[in-house]
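The values are calculated or read from the model by the stated rules, or taken from the named source; none is laboratory data. Only a predicted model underlies this, so the values are computations on that prediction, with no experimental measurement involved. FYI the Cβ positions are ideal-geometry reconstructions off the backbone, even for glycines, and counts take in every protein chain you see.
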Ligand code: SF4
């Protein structure tokens, strides 16, 4: 796989196909975990670019909001697993 730097991720065009495109701005940034899970399942569940979005969020370390069908705590967990695997 070709190495990509962080700028490459910001220049991707998957955003155009995002199911959340055009939604109310705060919708993807609910405050609590329960609301985040609901948005992740209802909005992201219909999204064609979910994998690209999750990869972007993990690579660019997006701390807040719902990305790629995952919550803030879900992404923190994935990053911990990834870090542990790199150290093993
Ligand atoms: S996966 Fe969710 S947050 Fe990401 S683009 Fe799709 S709808 Fe938006």
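Looking only at region 1-11, decide whether some residue is surrounded by 12 or more Cβ atoms within 10 Å (Cβ to Cβ), in a loop (DSSP other than H, G, I, E, B) and within 12 Å of the ligand (Cβ to nearest atom). Can you show your working first?
Kept after step one, since they are surrounded by 12 or more Cβ atoms within 10 Å (Cβ to Cβ), are these residues of region 1-11: 4, 9.
Imposing the further condition that a residue be in a loop (DSSP other than H, G, I, E, B) reduces the set to 4.
Imposing the further condition that a residue be within 12 Å of the ligand (Cβ to nearest atom) reduces the set to none.
Looking through region 1-11, none of the residues is surrounded by 12 or more Cβ atoms within 10 Å (Cβ to Cβ), in a loop (DSSP other than H, G, I, E, B) and within 12 Å of the ligand (Cβ to nearest atom).
Scoring residue 41 on the criteria (1) more than 13 Å from the chain's Cα centre (by Cα); (2) exposed (fewer than 14 other Cβ atoms within 10 Å of the Cβ) leaves a single failure, condition (1).
Looking only at region 23-48, which residues are assigned to a loop (DSSP other than H, G, I, E, B) and either within 7 Å of the ligand (Cβ to nearest atom) or within 16 Å of residue 65 (Cβ to Cβ) (or both)?
Selection gives 23, 24, 25, 26, 27, 28, 29, 30, 31, 32, 43, 47.
The selection criterion, being over 12 Å from the mean Cα position of the chain (by Cα) and either more than 8 Å from the ligand (Cβ to nearest atom) or modelled with pLDDT of 95 or more (or both), holds for residue 87.
Residue 51 falls short of the stated requirement of being within 12 Å of the chain's Cα centre (by Cα), part of a helix (DSSP H, G or I) and surrounded by 14 or more Cβ atoms within 10 Å (Cβ to Cβ).
Counting only residues that are without any contact (Cβ under 8 Å) to a residue 24 or more places away in the chain, part of a helix (DSSP H, G or I) and within 23 Å of residue 8 (Cβ to Cβ), region 56-77 holds 2 of them.
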